[in-house]
Amino acid sequence: MSFLSSYIHYIGCFSLILIGLYVVLVKPNLIKVIIGINLMGTGVNLFLVTVGYIHAGTAPIFSEAAQQPEGMVDPVPQALVLTAIVIGVAVLALALSLAIRVYDHYGTLDLRKIKALRW
Amino acid sequence: MVSPILLIAVPLGLAFAIPVLGLASKRVPRYVPVIAMLFNLVVSVSLLPHALKAPIVVRTAGWAPPYSIHLVAGPLGVLLSSLIALIGLLVAVYGIDYIREGAKVKYQILYILMLVGATGVVLTGDIFNLFVFFEVLCISSYALVAYRGDSTGVEAGAKYLIQGAIGSGLVLIGIGLVYGTFGTLTMADIAANVSSVGSFRLFVSLAFLITGFGVEAAIFPLNGWLPDAHSSAPSSISAILSGIAIKAGLYAIARVVYTVYGASSILPFLAVLGIVTLLIGEMCAFGQEDIKRLLAFSSIGQMGLILFALALASATGISGAVFLIVSHGLAKALLFLASGYMIYRTGSRDISSLNGIGKRMPIMSLCFTVGAFSLIGLPPFVGFASKFTIVRAVLGTGSTFFITLLAIGLIGTVIEGAYFLRIVQGFYFKPAPEDSPEQTEGKVPFSALVPVGLLAVLILTIGLFPGIVGRVLGPAADDLLDRTAYVQHVMGD
Amino acid sequence: MTGIIQIVLSPLIAFVVGVLFLGLARKIIARVHRRYGPPIYQPVIDVVRMMSQRSISHGALFELGVVLALAGSLVTVMLIPLGGTEAFQPFAHSVLCPLSSSGGLLVVMYLMLFGPLGLALGAGASANPNASIGVSRKMLLALAYEVPFLLVILAVMSQYGSISLTEIVARQQQASWGVLSVPLSAVAAFLILPAMLGIRPFDLVTAPQEIASGPLAEYGGTCLALITVQKAIHLFVVIALFVDLFLGGGVNLATFLVKMLAVFLAVEMINAVLPRVKIEDAIKFCWKWPTALAFVQMTITVLSK
Amino acid sequence: MSPQAILITAFAGAGLVFLAGKVHSHLRDFLAVLSSLALVGLIAWSHGQYGPDNEIVYVPDFLGMELALRLNPLAWFFAIYIAIINAASVVFSLSYMKGKEKLGFYYSMMLLVNAGMLGIVLSGDFLSFYIFWEIMSWSTYLLISYRRGPALHAGMKYIIMSLVGSCAMLVGILSLYAQFGTLQIAELGEAIAGSSSGYVLFILMAMGIAFGVKFAILPLHTWMPDAHSEAVSPFSAVLSGVLVRMGMYGFLLVMYSIVGLKTILNLGAGFFNFHYILSWLGAITIVIPTFIALLQNDAKKLLAWHGIGQGGYMILGMAFGTSLGVAGGIFHTINHGSYIALLFLVVGAVEYRTGGVRDLNRLGGLIQRMPVAFFGCLVGIMGLIGMPLTNGFVSKWFIYKTLITEGHPFLAFMAFVGTWGTILSVYKLLHNMFLGQLPEKYKEVRKAPISMQIPILFFCFVIFLFGVLPGIPLRAIQGIQDTMGFAPLQLTMWGLASGAGALNMLNICFAIVIAFAVVLLLMRLGAKPRRVPQEDSYAAGSSVPAGKYHHSVEFYNPLYQMISPYLKDRVDQFYYWAADKAQGVFELTRRIYTGYAGTYVLYIISFLALLIFLQLAWEIW
């Protein structure tokens, strides 16, 4: 049980990432692929946060009650996650606008049919 | 001595000033990228002599190195950033008249962002900061590839985005693993105590980082997006993509492999990968009809050669690779810019429609020929000097493994020589096809002739006097190779 | 002083002996066909008659070709030793070969080109298609017999280790004759001798019954006279070469001429009885037996060296 | 005159001509001729100045190496030869190219090729040798494809083979640099003496491929017939006359001044030593191309095949390393240059006057209209055959004598058979072009213009001069052989004076002249024949159809049936087959980029999986 408990977080993140990858690899529809990418993004962010997580740690905010950083969780990965989320949003917005334009031109979102550029 | 941070801050500031200027007058935004890149060029060239003596470390927000996000402007970084600035400037001048329709203001902003991203990747010393600049570069290039909004552009942009997002996801996982094991994000700090950790966990993070950056660096299995993206983007953007963007990806891999991990045992694999990329790129390029798609595949080929040279792990090898980065950047930018106006003039991208253009656009086709000859590696041009250095480095190692790989690689350059010379032959000696409907008369604007002509002159002069770039190559190779100096320099003071 | 005499003497001997052999040839064929045949000096009469006849000409090259052919043959004679030895022997005299020190056997082989080439140029200039066909067949026959002839000469040269004809003859007189030391080459040479002389069974080029006697279709008068003289000297040169290479040359001029007569008679016997072959068969024959023999002999000499 | 000045004038000439072309055509023509003649003068003037003051480092630091020029007898000999043939063909092309388009490009490229060749010959180290070699290659490529149409294919074939050669040479040069740390030819001479014969063999093979391609030795010759027949006539004169002999210069440089004589001779064991294989290669290169030339109907293709055939003689002469043989080989290089250039110029003149007709079956009887061209062609073919009185004979005599005295009768046999093949095919060239009936449409063909006749007559004079007095060039060759460490020959002004095997061209010349005079006298004694028109010829009584009465076509038909099955150019067919297979593979690799986004992502993930699997399975890192 202790093995499972210490790695439960990592198992959760990587399963989320793998689900996202599965969606991207298998689904032909462009919107589903974008959702898959997003799933994978959140999985990665979750993984980043768990890297800095300490069991039963408190939020890394200095207030009158908590001046010493002992019990606190590592704040650096959380900073990384903030940037990663912002980047994820930017990519998502761009992806959706491209999906709209692709639909305008091809009339379909099925990637198997959007293969004008090959070889 | 100006601080390197300006190289990133000033263009970023100008980029966000463009919408405001756009409100003031319609004509000004077109010139802002020129100013930004001119500034960058001046600053990085002025920084070069200082960087040659010792890398310039810039700490942001006053924190000491292991905790601060800082820039390390070594000789390699400054050389590449001046290359980026130079090509960026010339393409910006080209873009003034080339981009006429569509959201011109947004094009200029994204254009500066892309170059800032590339400069950032090349200068940064912090691994997460590397990821952020990398993302800035990628997102702006996704958008710019789809700038024209026609069916090919949008399709290429979408596919490029999907693969790019997966790639950056992998990089993020790699950075997470690195942070998990070392607890720090500064490359120098990681490099200092990388040997103290078990090999498998270390290797997994290296694998993720290489694959993630590899997507942008056009290594063989990961470059599915490149032919579509480079051929359907507007010519000025594909010039930047081929000239600079993929090189930033390759620089990131080199920095990760050499400085951060010092993983010299993975180099033979990278060498094989480079030669495979070279062969695949040249083979696919041979049968292309569309001129820009052919140039895109030729970029893949040359990237393979650069990766092969990087994997030699000898000083001359790496200086050869950097020299090839410079010469390929110049030549490929020239080819894309020249083909831009040729396509505009003949109305179609088929190579067969470009026949006999030597008579109608003499200067453009002459510059195209200079660029093509330089890429093949024919003597009076810079391509020959870089190919010569690489072959000298390979034979210097004396190991039969590398020499056999070189032999296979030379066959690739022969294939490249074949299809480029076929195009040049088409320019001058094949009869022009009868006038197709989209034929547009009208002279090539002055703003296109200046960059193309300047690039051709540069290729010829550096080819005749390779000493100009040669002096910087030695220290640049050492900057990449010996990790202890890098670590001691960044962590020491 | 002796040089000048030799230079004048050897072509004269060649001319006289050659013309006599031509007359003799017609006499022998007649005798074989059981008829009397024309007198021996008949060719002389023909030459004088033709010189007086006024004939046609197709331009300068038409005549110069013939002149080139005859000049070439004359010079070839000067390079061939016609009997005589360095070593002291009774009745012997010094080697009768004016240009002995200027090039040897290689020059002879190349000078023998002047004959066919001069004739070919002349016939070509005559603008008569039959002449052109005759020239092409003459060239093909030349190629046919040259292959074995080259093998033969090379065998002799490597056997005696020298390229100078006088040296080869001297070595034969000391050691063994060519017939004994390189027998197979001698046989091969004898087989292709009729082809080199252009007499039956290989006279398909200038036989009267062929298409208007081949290259000589347009020739008449003085040109035809000179061509017959050239034919005579060529006959003399080829047989003299055969004697020098295989029968050890003559101690003096007399023995040399006797040996030549013997060889000539043997060849004429074949000439008198055999029919004419087609050009393809001539090439096939020349490239089959004589070449094989010469090749075997050459390998033997090379291996034995 | 320092080699640097020569090179500067050469390259400046090329540039100026291009610029002058923009200004005015006469200025350009004048400048082209002026710079060519100036080069000839400069080089002639610098004869004999071989001292150390001619070792000039013109670029101290090019990627860490210094580029030097030097002038020694071998370099001077080839330089004067290049300059003369280039000057002759530039003068020839003044009228030949009148009215054609893009002349500025043509003249500047001609001079650039000339400058490249001079650079090769004058370079003191292998890096500048390689740079000028490449400049020569790609400017030749542009000139070959100048005539559009099939010339483009010929150009592609040429450039691909020469690119492969250049890559091989680059590897050879740089392994020399890696091994000995220097590329100066002088220093390499001693440095390479100590190395293992395996390494020397590798160097010879690597450099040999590049020189073999240019020299058109048998397996690497397939580009030459197309390139020569498709190039513009004055340029194919330069191409076959001198450019192809750069390979010979390369061989001489590497085999004799670098590797040295004794290592060459005992390189490799018994039968398979290097120079034995090379001489057999040379012998085969003589026979097969010459007989293929026999079957050609296009005049320039026939000459091109002879270019390859004659190359075999030079290899034979050079391969044995005896002083007589090497002298024969070098002498044959310039002889061949003189008469093959002459023949190409003659074919060019005929082509110019008859409006581009090169097919031997459609020409004929031009002796009446173009006597000077006929005389040039006659002297040219006599030189090519090697008749006495021409320079070809002397060099062939040297080579044959070497072969026989060295005890290789079989090689001599193949050389002789090659000569006979030449006689037949070259006579066909002369006959079908100049002799026979003059067809109706060439009745009013005019003589070749003066600017064409000058180079033709100049070459005839050179052929006869070197034929009768071979001492002049042989003394220069003697100078070369001393630098290469060969035993000196007993040379006289008219040939070789070594005892029984002597050669005296003067005697033979006098004998022939006297005999010619005597026979001419005899001719005049007889009755003077009357001149008749060409139609009045004996046709055994049959009626003579006007116009149809053409001369013979398919000149050597009986021989054609017999040997043509053996003489297909199998090497060429093999190259085309290989090219098709390669194209098939290229098409396959293009299919990797399927266009479906899913597969591309699959590629990325599988690459990652491969990386981790390799680490898991074999612990490589």
Check your understanding: Do you know which of the residues in segment B:393-405 that are surrounded by fewer than 24 Cβ atoms within 10 Å (Cβ to Cβ) and in contact with a Phe, Trp or Tyr (Cβ under 8 Å, 6 or more places away or on another chain) is nearest to the other protein chains (Cβ to nearest Cβ)?
Key -> B:LEU395
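Could you pull out the residue among B:GLY371, B:GLY426 that is away from chain D (no Cβ under 11 Å), crowded, with 18+ Cβ neighbours inside 10 Å and either small (Gly, Ala, Ser) or outside any loop (DSSP other than H, G, I, E, B) (or both)?
Working: B:GLY426 fails: away from chain D (no Cβ under 11 Å).
Within the list B:GLY371, B:GLY426, the selection yields B:GLY371.
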Point to revise | Test for B:GLY157: is it surrounded by 24 or more Cβ atoms within 10 Å (Cβ to Cβ) and within 11 Å of chain D (Cβ to nearest Cβ) | key: no
Practice item. State yes or no: is B:VAL457 part of a helix (DSSP H, G or I), among the hydrophobic types (A, V, I, L, M, F, W, C) and buried (at least 18 other Cβ atoms within 10 Å of the Cβ)? Key: no
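Please go through segment C:27-61 and give me each residue that is among the polar types (S, T, N, Q) and farther than 30 Å from D:GLN368 by Cβ, ordered by number.
First, the residues of segment C:27-61 that are among the polar types (S, T, N, Q): C:42, C:52-53, C:55, C:57.
C:GLN42, the sole residue that qualifies.
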Revision key, fill the gap. Only one of (1) in contact with a Pro (Cβ under 7 Å, 6 or more places away or on another chain); (2) surrounded by 22 or more Cβ atoms within 10 Å (Cβ to Cβ) does not apply to B:ILE99, and that is (2)
Point to revise | Single match in C:ALA120, C:ALA170, C:ALA142, C:ALA125 (criterion: of a type in the set (A, V, I, L, M), surrounded by fewer than 24 Cβ atoms within 10 Å (Cβ to Cβ), touching a residue at least 12 places away in the same chain (Cβ under 8 Å) and more than 20 Å from C:LEU247 (Cα to Cα)) | key: C:ALA142
Revision key, fill the gap. The number of residues in segment D:74-126 that are in contact with a Phe, Trp or Tyr (Cβ under 7 Å, 6 or more places away or on another chain) and farther than 22 Å from D:ARG245 by Cβ is 5
**Study point:** Near pairs, Cβ below 7 angstrom, 6+ apart or cross-chain, from segment D:232-252 (basic (Lys, Arg)) to any residue that is in a helix (DSSP H, G or I)
**Key:** D:ARG245/D:THR333; D:ARG245/D:GLY337
Review point. If we only count helices (runs of 4 or more DSSP H) wholly inside segment C:1-106, which ones have 1 or more residues that are at pLDDT below 80?
Key: C:2-32
Study note, to complete from the structure: The lone condition D:PHE374 fails out of (1) buried (at least 24 other Cβ atoms within 10 Å of the Cβ); (2) of a type outside the set (Asp, Glu); (3) at pLDDT 90 or above; (4) in contact with a Phe, Trp or Tyr (Cβ under 9 Å, 6 or more places away or on another chain) is (1)
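One line per residue, one yes/no per condition, for (1) within 9 Å of chain A (Cβ to nearest Cβ); (2) surrounded by fewer than 24 Cβ atoms within 10 Å (Cβ to Cβ):
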| site | (1), (2) |
| --- | --- |
| B:ASN129 | no, yes |
| B:SER141 | no, no |
| B:TYR179 | yes, yes |
| B:GLY183 | yes, yes |
Review point. Counting only residues that are among the polar types (S, T, N, Q) and over 16 Å from C:ASN130 (Cβ atoms), which one in segment C:205-229 is surrounded by the most Cβ atoms within 10 Å (Cβ to Cβ)?
Key: C:THR222
Review point. Tell me, which residue of segment B:186-210 that is buried (at least 24 other Cβ atoms within 10 Å of the Cβ) and more than 9 Å from chain D (Cβ to nearest Cβ) is farthest from the chain's Cα centre (by Cα)?
Key: B:ILE190
Check your understanding: Conditions: (1) more than 22 Å from the chain's Cα centre (by Cα); (2) under 17 Å from C:GLY115 (Cβ atoms); (3) within 7 Å of another protein chain (Cβ to nearest Cβ). D:LEU389 meets all but one. Number of the miss?
Key -> (3)
**Study point:** Elements of type helices (runs of 4 or more DSSP H) contained in segment D:137-256, each with 1 or more residues being of a type outside the set (A, V, I, L, M) and more than 14 Å from every other protein chain (Cβ to nearest Cβ)
**Key:** D:185-191, D:197-215, D:223-230, D:233-238, D:246-252
Point to revise | Pick from segment B:21-54, criterion over 29 Å from B:SER236 (Cα atoms) and under 22 Å from the mean Cα position of the chain (by Cα), ranking: surrounded by the most Cβ atoms within 10 Å (Cβ to Cβ) | key: B:ALA51
Check your understanding: What single numbered condition from (1) more than 8 Å from every other protein chain (Cβ to nearest Cβ); (2) in contact (Cβ under 8 Å) with a residue 40 or more places away in the chain fails to hold for A:ALA99?
Key -> (1)
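Given the criterion in a helix (DSSP H, G or I), more than 30 Å from B:ASP479 (Cα to Cα) and without any contact (Cβ under 8 Å) to a residue 24 or more places away in the chain, identify the matching residue among B:ALA165, B:ALA143.
On the way: B:ALA143 fails: without any contact (Cβ under 8 Å) to a residue 24 or more places away in the chain.
None of the other options fit; the residue is B:ALA165.
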Point to revise | All positions within segment B:447-493 that are touching a residue at least 60 places away in the same chain (Cβ under 8 Å) and aromatic (Phe, Trp, Tyr) | key: B:TYR486
Point to revise | Candidates D:LEU69, D:LEU19, D:LEU37, D:LEU63, filtered to the one that is in contact with a helix residue (DSSP H, G or I) (Cβ under 8 Å, 6 or more places away or on another chain) and under 28 Å from D:LYS98 (Cα atoms) | key: D:LEU37
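Pick out the one residue from D:GLY104, D:GLY124 that is in contact with a strand residue (DSSP E or B) (Cβ under 7 Å, 6 or more places away or on another chain) and not hydroxyl-bearing (Ser, Thr, Tyr).
Working: D:GLY104 fails: in contact with a strand residue (DSSP E or B) (Cβ under 7 Å, 6 or more places away or on another chain).
D:GLY124 is the lone residue from the list that is in contact with a strand residue (DSSP E or B) (Cβ under 7 Å, 6 or more places away or on another chain) and not hydroxyl-bearing (Ser, Thr, Tyr).
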Review point. Are there any pairs with C-beta distances below 9 angstrom linking a residue in segment C:284-300 that is over 12 Å from C:LEU154 (Cβ atoms) to a residue that is in a helix (DSSP H, G or I) and among the acidic types (Asp, Glu), with the two at least 6 apart or on different chains, and if so which?
Key: C:CYS286/C:GLU146
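The values are calculated or read from the model by the stated rules, or taken from the named source; none is laboratory data. Fair warning: this is a prediction, and the values are worked out from it, not measured in the lab. All Cβ positions, glycine included, derive from the backbone under ideal geometry; neighbour counts span all protein chains shown.
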